[in-house]
Every structure is written in structure tokens, then in C-alpha cells.
Amino acid sequence: MEKSRRGIQSIEIGGRLLTALVEEGGPMSLGDLAKKAGMPAAKAHPYLVSYGSFGLIEQNPLTGRYELGPFALQMGLISLHLLDPVRIAIPLITQLAAEIDQTVGLSVLGNQGPTIIYISESSYPIHVNMRTGTVMSIQSTATGRVFAAFLPVKQVERMIERESKSGVAAGFGAKGSAKKGKQDELEKMLSEIRKRGLARVLGEPIPGINAICAPVFEHTGAIALGVTAIGPSGSFDAAWNGDIAAKVSACALAISERLGYIDAHTQAKSQAR
């Protein structure tokens, strides 16, 4: 068993150069690349030559800078095609539900709107109308508002219009002079959700039930999933800086990163190191 787990040290060392290029997200000089990988330039150079021989890394003949090569890009594209966001997300939201001891739902954008496709129950299941297949209101639920914040504007407008006509939720589908005020109110709320990376509802649409939702992004930056924690207001800490909000955000970010999404704050921290 011990032998089967033994790796090849030189590959692991060389892998630090590939990691450095991925984190940088652009061409790098030999000196900067070696420094970021934690090795002398003289040690890094032979690895770069070997990686270059089969396309993992290439060097710009004009600038001398190194970047990921065509074979590395092909590997990345194949990996993205094989990704199944839901399969990746389920173990992580199951772990999240256990950590916060609240019910956690996973949602995707369906034909009728944001739709719950998986639920991980807490140790004390709550009796609310949220089960697999439930379409969440784009206006009055944390899940719906997260999708509204990160979907194209025209698409959101059509969803709100359809929802308002069906009488599912009141609010942002008003007519006449009230319409602009409602639209301004909606955009202000969605702008706040984009800044926080979270949506929250307190006691609505179900009295006594709170919810917090965070978006999951795919590698293109488009929203792929919503991760929603929901629970009774008496035991559900809905504070923006509370434990539940922090863990829901961390879970959604972990799933996003598995899907190839690079968070701007994470990238900035990496480049600062």
C-alpha cells in the first residue's frame, strides 16, 4: 500500500511551475515563474524545456515569456466538457447541511425558472413547500433573487413578467407609474446581491422561515447553480456576517472552483503572494 502511494518527486516539483502559470493566468518571465514556484531559475529551466517538448508549456520567441501550451489547453477543455456540476455539488452541499445543521437545496435554471433539483435535509426537517422539482419565485425567494442578479437582464424581465401574470409572486411586475419605482427597487436589491455574493430572505414567502442563497459559477462566469440554506428563524442565523452565510458562500465558491471558475479576490490574493 505504501509503495502504491509513492509519487515521483520530480513530477511534483515540475507541477509547481504549471500551478504557478495557472494561478498567474498569463505569460511570465523565467525569473518570475521560478520565484512563484519556489525554486531557482536554473532548476526551473530544464522542466520548462521538457514540458515545451510536448506542448504543456510554450515560450514566446519575441518576449521570452512562458505560458501554457496547446496541449495544456486541450486538457483543460476536455476536463471542462467532462464536468457535471450537479455531481460535483451534491457531496459538498451534503457536507454543508451537516456542518450548519440546516436544510440545503441545490437549484438550476429550468424552463419555468430556478428549480430545486436536490435537497439535503437537516437533522430536524422543516415542513415547507420545497422539494425536488419546486420552481422558486424569482422575486420573493433567496434562490430566485440570486439567479435574477446574475442572469441577463432581458431574461430576468421575461421571467418576472411571466411570474407576475401567473400570480405566483407580487411585487416587481407593477403597471403604470408604480412600475419604474418597482424596477428601481428591484435593481437596487439585485445590485446589493451582486456585491455581497449572497441573497437573503427573512420570514418570506413563508413566515418564520429564513433562507440564504449563494451562486455557483461555471468557468465562463455564468451562473450554473444556486446553493440555498433554509431553516426556522429561531435557529437560523441569517446575519450577513454569520456562520451560515460564511459557510454557504464558501461551499458555493468551492463548487465554482471545481467548475473552473476563477474568483477575482482569490486570484488577486494568489498574485500578491
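Just a few scattered comments:
- Relative contact order of the stretch 1-74, taken over Cα pairs closer than 8 Å and 6 or more residues apart, is 26 percent.
- Viscosity 1.306 mPa s, 10 °C: Kirkwood-radius Stokes-Einstein D of the stretch 7-139 over Cα pairs, µm²/s: 86
- Accessible-area composition of the stretch 42-122, carbon plus sulfur, in percent [1.4 Å probe]: 60
The values are calculated or read from the model by the stated rules, or taken from the named source; none is laboratory data. Treat the numbers as computed from the prediction; the structure is a model and nothing was measured. Note: accessible area is taken over every heavy atom of the protein model, side chains too, but ligands, DNA and RNA are not part of it. Shrake-Rupley method; radii C 1.70, N 1.55, O 1.52, S 1.80 Å.
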